[in-house]
Structures are given as structure tokens and as C-alpha cells.
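Values quoted throughout were computed directly from the atomic coordinates according to the rules given, and no laboratory measurement underlies them. Owing to the predicted nature of the structure, the values given are computational and were not obtained by experimental measurement. When we count neighbours, we look across all protein chains shown, and the Cβ atoms used for this are built from the backbone with ideal geometry, even at glycine.
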Amino acid sequence: MGIEKVRPSVSASEASDDNLNREDDESCGIQIGCGSCRSQRIRFPFLDCLNNAKCFLCLLSLAVLFQGMIVNGLINIIISTIEKRFHLQSSETGFIAGCYDLGFLIVVFFVTYVGGRGHKPQWIGWGVFIMGLGSITFSLPHFVAPTYKIPETDSYICSDDMSLAQCGKEYLKVYRAFFIVGHILHGIGACGLFTLVITYLDANVKKNETPLYHGIYFAFSVAGPGIGFIAGGAFIRLYTNLGEEIDIDESSAFWIGNWWLGFLIGGVCVIVISVPIILFPKQLPNTSRFRVGRENEIHQNAEALQARGDDNFGKRFKDIPRCLKAVLKNPTLVCVSIAGAMDSGSIVAISTFGPKFVESIFRFPPSQAGLYFGIGAIVAAFASHLVGGYLVTRLKPGIRWMLKFAIGCACMALCCTFVFLMRCETPDVPGVNRPGESIYSCKGSCGCSTDLYDPICGADGLTYLSLCDANCTLTHSKEIVNCTGIADSNDDISLENATAVTGKCNPTTPCPSVGFNIAIASMLVFFTFLKFQPVLQVSLRTVPLHQRSFAIGIQWVIMRCLGLIPLPLILGALLDASCIVWEEVCGKCASCRLYDNRIMSNSFTILLVCAKIISITSLLIALLTYKSPPRDNSSIELDGESEKKCETDEDSQSTTGKDATEGKTHVNKAFEYT
């Protein structure tokens, strides 16, 4: 995109051209191309009534709402479903979840460095369009993979050749490529939503209103996952093949819910939203004065001060190393980025595998697990961003106060992490976690692997992996009788009383309250996000104005490399380690059928506690290393007084030709930094 250069003086004709350029920069329209290869900008004056910060915030909020719904809501609620449908392990779905961050990292340097100086709404809008294409790509395996067929339970025969019969078309791991590509497109498209949007709003509204705008924006971003959990829970209550009549319900192990419909609908909606975003101007009308006097709290290191005083710094690609050095030598920004990496990574890990945790620990079906988890997440996350943004807007705190507030919130979140130690007992399964040999003969290299997994609760109070495991007979009325395995292993049960019912047996000891568990987990989410707005303002205020887009991009790189990518992968591997019953397909381990609840809950707790301790330590280091400007610095003014003075000066300078030219140059210089 083209970048205007600051000129010390302008003639009357040049001033007229500047006015035309400024009208282009502040009017709704569209322009195709970049750099010097651009079409003439086509203006749409009838849209000028919507050309303001509030309308732009509404559109951005809708876009980030759908982003959260798709990326952090729908995908997380259908994780267990696509694992079962396409024979994937938790480590594989954890990698798929990490592909979003991979796509983000691929483009973040280019988008923040070039797009940060260019037409930000166009960069954001086209990114949203790409994100919509990613959602449609994510749904494609349903249409290109073989149609799912419910197996006939009574047709299963325990033999060594049974796994081989499932090879070929039924071996569906290959379709994970669509999930990988679709999620990478999600990451590429969403890059501008979390970098350019932040700095665009920061540069086009008053300084004291910026936290509130950011708070509303990020409230919608975290409301999206909650809506995604609720919508996804409703979708997977539908059978995957719409219109097909079946004789099972979602309690059956063979049930595959409708995992793909939400992505198809969401992708179309996102593409529609991208169009009006592209039409917004490079800067909102009459906002130049908001960009004056916004560098009063930058971290006092040599690189930052040099960048602040050089108007041409960061305009060329060869300046990237210097820009990167200036950002990385800011210890406050780096430390809050590390803290953000731990917090964001742990939240993504929880949201990715949280429904599976509730499903396994509390024995809920996937739709209910997603519903309960989603309601808690949406209320806590939405409220925390609004409260955090309001507090910063109302109190107008300094950098040190915001860092201390963030440390307090992190300590409260740490206390809440121990709620994941609450759990139900793991079902007693003969030959798996209970002494004795399982009668079921279909085992493979994965350990206690089974080709038929449809658990039943026997008359002896034990859970069996299937009716074949207990050598039962299934009658035409779907009753499970004549379980010779149960009768032979228990002298107190006769053959006629050796019956079973579908599902796992209820635990012998009472389970903890799922409501209490979700309430404390919601408090964990609340305190984690409550400090997001103060930390974001710290990140923005400690770097020069024209470096903020690039600095936020670097911050997201740190957060993804240290938290958002590795933590879900680590948690997925830990969950795989807690699996005690695997599905086996073609001689390879596929999805997990049964987890050890004790190991699973301990894995969640240990990972989260470690992440919170690192977060608190990083925030403490940020507080200790921050170098504030000298107190006698005359440039430090109250925000309201500074903006009022700037506005008065601009009005008074417009009364004479010479002063108007100087005022125009000053405004252009302020605009240069956006």
C-alpha cells in the first residue's frame, strides 16, 4: 500500500492535492491493488453516514464474534466427534488446533509491517474473507469422504482379520489434510483482527476511550467461543447425515453428530461481513488530533527513543531488523508477552479439550458437555473484558498500576486451577483397570484395543467394553441377556440373571458437583481475561506510536510460539498418555475410547499451575524492569487536556494561510504514524 511522506512546506496547489488525498483517505470506497499498481479509488458517499468508529466497531465485533465461534468454539466442541469419525488421536487433533497459529505466524510479519502503514481496513477485510474460505474448507471432509455407515453390532465377530476389514475407504486419517489447510486459512485470515484492528481503533478514538473500545471488541471475541460451544452442542445432536433415518441416539458409541454444518454456515456469514469492512477508509474522518501526544509513557530505552524521533523509521523493508531489535529490547513488552503466552495458551488448551474433560470426568454426552462448558465460558469471558476495559477507561491508571492489577488477577486465577482435581471414578473394566483377564479376544498392539466399543454395565456392577467382551446375546428387543462371561466369573450370578444394560456403570462413590466445577472454572476464565485489557494498554503505551502494529504482531508471535501452539499439543499428548482403551484401525492406534480420570485431571492441573506460575513471574519482571519517563518531562499531560489543547490549536491555525499550512503539515505528521 502507498505511504504518504511528510513535507516541510506545501504550495497552494499541493495543499489542494493533499485535501483530495485526505478525502480519499477518510471516505468509504474501494481500491484494488497495492503499491504503485492500484486502480483509482471509487468512493461511496452514501455510506458516509456509517463512516465512524462506532459502526466500524460493530462490524469488527461481528467479524471477531464469528472468528471465535468457529475457531475456538465449533472446532473445540466437535474435537471428540472428528476423532471418532476420522480415527484421530488427541495429539493429532492438538496439531490441527495448532495449525491456526501456524497460519497466523506465516503472515504476521508481513501484515503488521506492511499493512500497519497501509490501508488497514482493506487488509482486515480481505483477511476476514480468507477466514471464511477456511471455514468452508474445514467442512469439506463430510462431502468428499465416504458416507458414514452405522456398524451392525451383531455382525461383529472376534477375529484377527477384523481390523483389516476396516482398511481402504474406511481408513479416514487422510482427510485430516482438509482440517489442516482450513485451519491454516483461519489463522491467515484472522491475523489482522488481532493486530491491525487494535492499532486502528487506538489511532482513531480518544486515548481515554481506547480501553473501552478494546474491551467491547475483545468481549465479542471471547463471546464467540461460548456461542460456538452452544451452537456446536446443538448441531452435534443432529445426525451427521441429514435426512437419514437411524435407530440409535447420541448415547450410542456409534453416534456421529453433525460436526460440519456450523462451519459451512459460519463461512458464508464471514464472507458476507468482509465486504463492508473493506469499504472503510484508511483513517476515520476528523480523527487526526487523536494521534497527537500519544507517546508519553514509552519504555525509556535508546532504541525506543530513537524510533520515536525518526519519522522515516520503519518505512522500508531494510528497517525490519532495527524495528525488531527495538521491540525485543523492550523488557516490559517481552515479559507481558510471555505472560500472555502462558495465559492464552492455557485457555486455548482448556477450550480445546475442556468439553472432552467434562465428557469423560462427569460422564456427559458431547452435546451437554459443550453446552455447560460454553455457558460458563461465554459469561465469564464476556464480562471480564467489559469490566477490564471499563476499569481502565474510568480510572485512567498508569503502567505500574496496571501491571500490579494484572499480577493480582493472575494469582486469583492460579487458585482456581486446582478445581480440575475434582473428578468421578474411572469405571472398573475387567482386564483393563481391574485385576483379571478380559474375555474379549480382539486385542492388538495398542494394548486394550477393541474393534467394537459400545460399553455395557453388567449385573456384577462392572463395565464391559462391549457385549462381545462379556459374551452376551442381543435380543430382537435390544435386551442384553445370557452374558456367559459375567456368569462364569461370578458364582453369585446365574446365567439367567447375567444381564446387562447399555452404557457405563454408575460410580460407587458420589461424583463432585459438575455445577460447582464449571463455576470455579468460569472464575478461572474471568480472572485470566480480566487483566487482558490492562496488559494490552501496557503493550501499546510502552512503544512508539508508529511501531505499535509491528509490536503487537511481534507480541502475538511470542504468544503463539511459547503458548498458543505448544500448550494444546502438550495437553493433547498428556491426554493420550492417560488413555487406557484405544480404538485400533489397520494395526494402528486411532482415537481414545476410555481415559483414566485420575491421570487426566492431574494432567490438566499440573499444566495450568505451571503456566500460571510462569505468567506471574513474567509480570513481576515486567513491573521491575519498566523505565518510566522523568517526572519533570513537560510532554506528560493529562489525556483530556492534551487533546483539548491539540483541538484548540488546530482550529486557531486554520484562520490564516500560513498557519493552516503548518497545521496541515502537523496533522499529516500525526497521520503518518498510523
**Q.** Alpha carbon centroid spacing (whole Å) that separates the stretch 199-267 from the stretch 63-122
**A.** 13
Q | Thr475 paired with Leu238, simple spin-label distance in nm, labels 7 Å along Cα-to-beta-carbon | A | 3.7
Q. Out of residues 5 or more away from Ile580 or on other chains, whose amide H comes under 5 Å of its own, with H placed 1.01 Å from N in the peptide plane?
A. Leu594, Tyr595, Asp596
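Efficiency by 1/(1 + (r/R0)^6): what FRET value for Lys627 and Arg322, r their Cβ-Cβ distance, R0 = 22 Å, to the nearest 0.05? Mind showing how you got there, number by number?
Details: r = 20 Å, r/R0 = 0.91.
The computed FRET efficiency comes out at 0.65.
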(Q) Between Ala519 and Ala573, what's the calculated FRET efficiency when r is the beta-carbon distance and R0 is 25 Å? Round to 0.05. (A) 0.30
Q) Calculated FRET efficiency, Ile30 and Lys396, Cβ-Cβ r, R0 56 Å, to nearest 0.05? A) 0.90
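Based on the mean of other beta carbon atoms within 10 Å per residue, what is the order of 572-579, 512-519, most packed first?
572-579, 512-519
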Q. Order of 383-396, 331-344 by packing, highest average Cβ count within 10 Å first?
A. 331-344, 383-396
Q. Highest mean first, what order results for 117-127, 173-183 on Cβ atoms within 10 Å?
A. 117-127, 173-183
Q.
Suppose each label sits 7 Å from its Cα in the direction of the beta carbon; what would the Cys415-Ile42 distance come out to in nanometres?
A. 6.0
(Q) As a quick test, which of the pairs Lys325/Lys612; Lys149/Lys504; Lys396/Lys627; Lys120/Lys206; Lys404/Lys627; Lys120/Lys325 have an alpha carbon distance above 21 angstrom in this structure? (A) Lys325/Lys612; Lys149/Lys504; Lys120/Lys325
Q: Collect residues whose amide H, placed 1.01 Å from N in the peptide plane, falls under 5 Å from the amide H of Ala500; neighbours closer than 5 in sequence don't count.
A: Ile480
